[in-house]
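Asks: Just passing along the structure, written as structure tokens.
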């Protein structure tokens, strides 16, 4: 091989100057290069003396990054030297090339870096299936070893810190994520969420000036002890969430005062969900009386009763029995914790039953009550339908080009309803779209679907109370008015909640003390409890009104962590998951 060819190949493969190419052996799938190191001397790793006395040579087979889609293998020949120091215990010196390949390694440094990047972007098994298509051969365990060999750089000084927990196993095991809010990236993952672990990390970073956190007591304690110099900022969203939870407790306690609202029954809702039997349109007027008198024995199924209705009744009777037991024990003076241990019920269930003055009925969410990804496109779909385009595939391509990210199944379900309403109306031009429910309307002269009446749930009512009135539609405003008129306590709860929402939205920190006084003297135990909790965390809550920092970026990083868990199908150990989050591509 000519010197020109050697120089060209060396520049092509970016080899160090002291490594020369002696021969090339190409095949259809592999490219093997015979190379040798020409360094005239080596340093002894023990005595640090240089030696030029050659002892011999040895060969190494090293894999490199692919070239032209073919595997590349270096047949590397390296010299051995004899140490000249008679007192040195090392006699033979092996020439080392740390900038090109590590000791005992079977791949070059650059191939190792490529595999690390590939591993962090995919996972072990997926990387093993992908690398042959990229001109490399590697197993899943090798990718995992390459990833674990990566050392995370120590985080630079962090001023603004966000801290939150993440679920390793929901309801069982949790960890802690720490985020630099200025750089918008995670800087550490902790194996648990105890105050001691977070406190130890904060003590090792005295440069922290601001700590953004949720309302959890463990992180508040950790920040107070581990970073006393830092200002704590409570998250504004969690404050609104606390407010909604207190409102829900009020609604649960006054559930009988919530209004019964009339809603349009969806075509997909079966007749039994609308309170209509197969042979009759009679609806149950008093569900409480119906459940208690429909059968002498709750475990016996009456003639003509559907099996799913029977199962629903059995579950309801069992839940009602638990409610009566909880109320009885509350009247006897037992604490909620003692009731949980005695009845073996969930703490949230006991708390809800203990606060409810009447049995809280379950409100099952029916199909059609949730907003759909298709809602912003329904009006244009109806217009195209009225123009004569009834091809579902064409309509799907049109809305997808406009940014629709949902599945074709959503469109097929909507078109099935649209086609049915078209047949009922007789003309597509007679159809319209209800702006509030996003449902297809037919002319009033034609028979429409029946409407169902049910009591507004405490969850939906509490969300209406924490929503700004200017963002509600007319139907929602009507519901708010009905709730407020149901009981004086609900009116006071509405005024307090709206004052807090507007105060937080406009960042009026000076009004916080006034609101706390009003809440404490409102006569509502739920708001008194909230006011007490805010006073215990007063400095952090008040800082939330003036600080620009919040938990939004922390929650985003928690979502990224969940994505990393799903990429590896939840099989990564903590050390590997930590590397994937901190060193992700």
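Asks: Express in whole angstrom the spacing between the alpha-carbon centres of the range 465-480 and the range 7-48.
Replies: 74
Asks: Quick check: convex hull over the Cα atoms of the range 103-239, volume per residue in Å³, rounded to an integer?
Replies: 160
Asks: Given the peptides 132-140, 491-499, 10-18, arrange them by the average over their residues of other C-beta atoms within 10 Å, most packed first.
Replies: 491-499, 132-140, 10-18
Asks: Roughly what % of DSSP beta bridges within the chain run antiparallel, to the nearest 5?
Replies: Expressed as a percentage, antiparallel bridges in the chain total about 75.
Asks: Shifting gears a bit: What share of all Cα pairs of the range 84-158, in percent, falls into each consecutive 5 Å distance bin?
Replies: Taking all Cα pairs of the range 84-158, the binned fractions are 3, 13, 20, 16, 12, 11, 8, 7, 5, 3, 1 percent.
Asks: So for each of 23-31, 210-218 I average, over its residues, the number of other beta carbons within 10 Å; can you give me the resulting order with the highest mean first?
Replies: 210-218, 23-31
Asks: With both bridge residues required to lie in the range 3-106, what share of the DSSP beta bridges run antiparallel, to the nearest 5%?
Replies: 75
Asks: Another question about this same structure. Treating the angle as unsigned and between 0 and 90°, give the value, to the nearest 10°, between the Cα long axis of helix 525-536 and the longest Cα principal axis of the chain.
Replies: The angle comes out at about 30 degrees.
Asks: Ranked from highest to lowest mean number of other Cβ atoms within 10 Å per residue, what is the order of the peptides 179-191, 475-487?
Replies: 179-191, 475-487
Asks: For the range 56-113, state the semi-axes of the equivalent ellipsoid (square roots of 5 times the eigenvalues of the alpha-carbon gyration tensor), sorted largest first and rounded to whole angstrom.
Replies: 30, 11, 7
Asks: Just want to confirm a number: the relative contact order over the chain, from Cα pairs under 8 angstrom separated by 6+ residues, in percent.
Replies: RCO, the chain: 14 percent.
Asks: Here is a further query. Could I get the Rg over Rh figure for the range 482-577? Both from C-alpha atoms, Rh via Kirkwood, rounded to two places.
Replies: Ratio value, two decimals: 1.20.
Asks: Hey, another quick one. Sort out for me the Cα centre separation of the range 124-170 from the range 496-533, rounded to whole Å.
Replies: Cα centroid of the range 124-170 versus Cα centroid of the range 496-533: 46 Å apart.
Asks: To the nearest 10 degrees, how steeply does helix 392-401 sit against the main Cα axis of the chain, on a 0 to 90 scale?
Replies: 60
Asks: Take the Cα gyration tensor of the range 3-106, multiply each eigenvalue by 5, square-root it, and list the three semi-axes largest first, rounded to whole angstrom.
Replies: Listed largest to smallest, the semi-axes of the range 3-106 are 30, 13, 11 Å.
Asks: Checking the a/c ratio against 1.5 first, then a/b against b/c, what shape does the Cα gyration tensor give for the range 381-529?
Replies: prolate
Asks: Let me ask something else. Normalised by the empirical 2.2 N^0.38 Å for globular proteins, what value does the Cα Rg of the range 375-445 take?
Replies: So the range 375-445 has a normalised radius of gyration of 1.05.
Asks: Something else now. Decide, for the range 114-177, between rounded, prolate and oblate: order the square roots of the alpha carbon gyration tensor eigenvalues as a ≥ b ≥ c, take rounded if a/c falls under 1.5, and otherwise choose prolate if a/b is larger than b/c, else oblate.
Replies: Judged from the Cα gyration tensor, the range 114-177 comes out oblate (a/c at least 1.5, b/c at or above a/b).
Asks: Starting from the exponent 0.38 and prefactor 2.2 Å, build the expected Rg for the chain from its residue count and divide its actual Cα Rg by it.
Replies: 1.40
Asks: Under 8 Å for C-alpha pairs, at least 6 residues apart: give me the relative contact order for the range 375-528, rounded to a whole percent.
Replies: 13
Asks: Just subtract the alpha-carbon distance of residue 495 and residue 536 from 0.36 nm times their residue separation and send over the number in nm, one decimal.
Replies: Residue separation times 0.36 nm, minus the Cα-Cα distance, leaves 12.4 nm.
Asks: Do the sum for the chain: with -39,500 (n - 2.57) for every DSSP H run of n ≥ 4, divided by all residues, what is the mean residue ellipticity at 222 nm, to the nearest 500 deg cm²/dmol?
Replies: For the chain, the value works out to -13500 deg cm²/dmol.
Asks: In nm, to one decimal, how far is the modelled label at residue 434 from the one at residue 573, with both set 7 Å along Cα→Cβ?
Replies: The answer from the label model is 5.7 nm.
Asks: With axes computed from alpha carbons, what is the tilt in degrees of helix 488-505 against the longest principal axis of the chain, rounded to the nearest 10 within 0 to 90?
Replies: Helix 488-505 sits roughly 30 degrees off the main axis of the chain.
Every read-out reported here was derived from the displayed coordinates using simple, explicitly stated rules and does not represent laboratory data. All values reported here derive from a predicted model rather than from experimental measurement. All Cβ positions, glycine included, derive from the backbone under ideal geometry; neighbour counts span all protein chains shown.
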